[in-house]
Structure formats: structure tokens, C-alpha cells
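Engineer: Here it is, the structure in full.
The values are calculated or read from the model by the stated rules, or taken from the named source; none is laboratory data. Computed from a predicted structure; not experimentally measured. Here the Cβ positions follow ideal geometry from the backbone for every residue, glycine too, while neighbour counts run over all protein chains shown. What goes into the accessible areas is simple: the full protein's heavy atoms, side chains included, and nothing from ligands, DNA or RNA. Shrake-Rupley method; radii C 1.70, N 1.55, O 1.52, S 1.80 Å.
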Amino acid sequence: MTPQERKDTEKRIKKYLKENKISKVLYLQVEGTFDDGGIKANIWNVKTNKGAWWIAEGLRVPMNLYPQDTFYFTADEVYSFHVGIVQRLQHGQNEESNVLSELPLDLEQVHAIRRKLTLAADRLHIGMEAEEMQAIGLICRESLLALAHELTKRNGQVVEKAQLKNGDFKGIAKLFIDEYAPGSNNATLRSHARKMSDMAWSYSSEIVHSAYKNFPDCKICIILAASTVSIFENLFMKYLGFDLEPRCPNCGSMSLEIYSGKTESELIEHCTKCDFDNLVNIETIGGRPFGT
């Protein structure tokens with residue numbers, strides 16, 4: 001990138017960090033630039049007063065940040081994960097698709113869980129015996145325990161602080177629902193997500209211990225377990241930054257273009273939907289919500 005492009009990008013990154021309530025940048029450097037299939041992305045290594053972060057941005061790539069102290073160890077891994085999300089979203093926007101195709105999401109962290117649920121689905125047939133149905137319930141329950149293990153890997157300190165056991169799926173699920181969907185705006189979502197995770201766990205246990213279930217019961221069990229995994233992956237994406245995507249204060253659209261203002265401390269958010277220009281002073285922005 002040219003010196004001016006770099007300067008403008010650094011302004012956008014600092015503005016983005018301030019809107020995520022990270023006020024002080026100690027170090028800012030591009031660690032890798034990737035150009036693949038028309039998607040050009042830069043991965044920035046950023047040290048701040050609130051820890052170390054990766055920031056992905058570039059041509060046809062929305063800006064997003066990822067914590068370095070969890071499981072994003074290299075710029076290549078951040079690029080692969082970020083572009084994977086971008087391509088999935090673009091695919092969803094460009095083609096009609098059934099939401100069931102995303103149960104669960106095909107992300108690296110849940111491949112093993114997906115295999116378990118696929119195994120359970122493959123065992124479904126009308127003439128199942130009680131033992132076969134109980135086995136499906138057991139696989140669903142093991143999948144939810146695997147989800148709890150994956151959540152714990154992402155932030156073991158939260159689980160340790162709450163003094164939860166590894167097998168306490170409902171407790172761990174509730175903990176990460178609160179973690180991934182904080183604030184009053186997400187109160188209803190938290191309530192629904194807790195109910196879904198509780199239903200998935202309780203019903204899979206019921207299938208395991210009952211000799212009087214049937215084919216639709218087992219199918220419902222798999223759907224509840226898969227839906228719960230998908231819900232947590234989407235909550236995780238919200239947590240990574242989707243809730244903080246900027247919106248036009250005039251029409252609410254997220255189709256914004258960022259331009260430099262008349263001074264170094266000014267940026268202009270231009271809405272491509274309604275042509276509204278929002279002037280933002282990055283020196284005084286503090287922790288304001290996006291698009292306000």
C-alpha cells in the first residue's frame with residue numbers, strides 16, 4: 001500500500017479500536033498481506049492498553065479484530081478464519097439457501113462435533129430399536145459435552161473462576177451465553193439461547209434413559225443438539241465484532257465507505273444507500289456506539 005493508504009488505514013484502525021473501547025495503541029504493524037480470489041486482506045499486529053490483537057481489513061474485506069491471547073497464533077490463521085467468514089456471508093447474500101444447511105456451522109472449531117452429529121443422523125431409520133435410539137441420544141449428549149469443552153478451550157479462566165466442572169454443560173453454556181451476548185440489547189437472545197441449550201441437553205438425556213421413544217423423537221434430539229452448536233458459533237461471531245459493525249445514523253444501513261476528512265482527526269462515514277455523510281472526530285470519539 002502507498003504511504004497515504006497506510007496512513008488512512010491506520011486512522012481507520014485506531015477509530016475502530018476506540019469504538020471497541022480500546023483507547024491507546026502502543027504498536028501497529030502489518031504482519032501479512034494476502035491476495036486470493038479477488039479478496040485482498042491485510043493482517044495487522046496491534047498492541048494496545050487492553051492487550052494484543054490481530055486486525056483484518058482490506059479490499060472487499062470488512063474490518064474485524066481478533067484477540068491474540070486465545071487461539072489465533074499467526075497472521076495466516078487469522079486470514080484463513082476471517083476470509084472463511086466473509087465468503088460464507090457473501091455466499092448467503094448471493095444465493096438462496098436453507099438455514100438448516102448451517103446446522104452446525106462448518107467452522108474449524110466444530111468439525112469434530114459436526115462429525116458426531118452426522119454419525120447420529122446416519123443412524124436414523126424408521127425401524128430403530130430402543131437401544132439404537134438410546135445410542136443416538138448418547139451421541140447428541142457427547143456432542144454437547146464436546147461443545148462445552150470447545151468453549152472452555154476458548155476461555156478456560158472464565159470457567160475456572162466460576163468453579164464449574166468439565167461435565168457441567170448447562171452451567172458452561174449459560175456462562176458463555178452471558179459472555180458472548182452481553183448488555184440489555186441481547187437480553188431476549190440470552191434467554192432464548194439458555195432455553196435452547198437446556199432443551200438440547202435435557203432431551204438428549206431423556207432419549208438416553210428412555211426405552212419408549214421413536215423415530216421423530218430421535219430426529220428432534222439431533223435437531224436440538226445441532227441447533228445449539230450453531231447458536232453458539234453465531235453468538236461467538238457476534239462476540240468477535242459483528243455487533244459493533246458501523247451503521248448509518250440516518251437510515252441504519254451498514255453499507256458505509258470511510259474517507260479522510262479535512263483534518264487528520266476527522267473521518268467521513270459515507271452511506272452508499274442514502275448518501276448521508278457522517279463526520280466523525282477520532283480524537284473525541286471515545287467509546288460511542290457505531291454510527292452515532
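Engineer: Can we say L267 is surrounded by 20 or more Cβ atoms within 10 Å (Cβ to Cβ), in contact (Cβ under 8 Å) with a residue 24 or more places away in the chain and of a type outside the set (S, T, Y)?
Structural biologist: Here the answer is yes, as L267 does meet what is asked.
Engineer: Same structure, new question: Criterion first (in a helix (DSSP H, G or I) and of a type in the set (A, V, I, L, M)) does L28 satisfy it?
Structural biologist: Considered against the rule, which asks whether it is in a helix (DSSP H, G or I) and of a type in the set (A, V, I, L, M), L28 comes out as no.
Engineer: Please name all residue pairs, on different chains or six or more residues apart, with Cβ atoms under 9 Å, provided the first residue is in region 3-30 and is over 18 Å from Y259 (Cβ atoms) and aromatic (F, W, Y) and the second residue is surrounded by 16 or more Cβ atoms within 10 Å (Cβ to Cβ) and at pLDDT 85 or above.
Structural biologist: Y27/N45; Y27/V46; Y27/T48
Engineer: Please determine whether any residue of region 34-44 is more than 24 Å from R247 (Cβ to Cβ), open to solvent by 70 Å² or more (accessible area, probe 1.4 Å), out of contact with any His (no Cβ under 7 Å at 6 or more places or on another chain) and free of Cβ contacts under 8 Å to residues at least 12 places away in the same chain.
Structural biologist: yes
Engineer: Something else about it: Looking at (1) surrounded by fewer than 21 Cβ atoms within 10 Å (Cβ to Cβ); (2) at pLDDT below 95; (3) not small (G, A, S), find the lone condition where L147 falls short.
Structural biologist: (1)
Engineer: Name every residue in region 180-233 that is hydrophobic (A, V, I, L, M, F, W, C), in contact with a Cys (Cβ under 6 Å, 6 or more places away or on another chain) and more than 16 Å from M128 (Cβ to Cβ), in order of residue number.
Structural biologist: Of everything in region 180-233, just one residue is hydrophobic (A, V, I, L, M, F, W, C), in contact with a Cys (Cβ under 6 Å, 6 or more places away or on another chain) and more than 16 Å from M128 (Cβ to Cβ), namely A225.
Engineer: If you don't mind, there's one more thing I want to ask. Considering only residues that are of a type in the set (A, V, I, L, M), crowded, with 20+ Cβ neighbours inside 10 Å and without any contact (Cβ under 8 Å) to a residue 40 or more places away in the chain, which ones fall in region 164-212?
Structural biologist: I172, L175
Engineer: Next question, about the same structure. Select from region 48-79 the residues that are at pLDDT below 75 and closer than 17 Å to D36 by Cα and write down the one among them that is farthest from the chain's Cα centre (by Cα).
Structural biologist: L59
Engineer: Does region 221-228 contain at least one residue that is open to solvent by less than 70 Å² (accessible area, probe 1.4 Å) and assigned to a loop (DSSP other than H, G, I, E, B)?
Structural biologist: There is no residue in region 221-228 that is open to solvent by less than 70 Å² (accessible area, probe 1.4 Å) and assigned to a loop (DSSP other than H, G, I, E, B).
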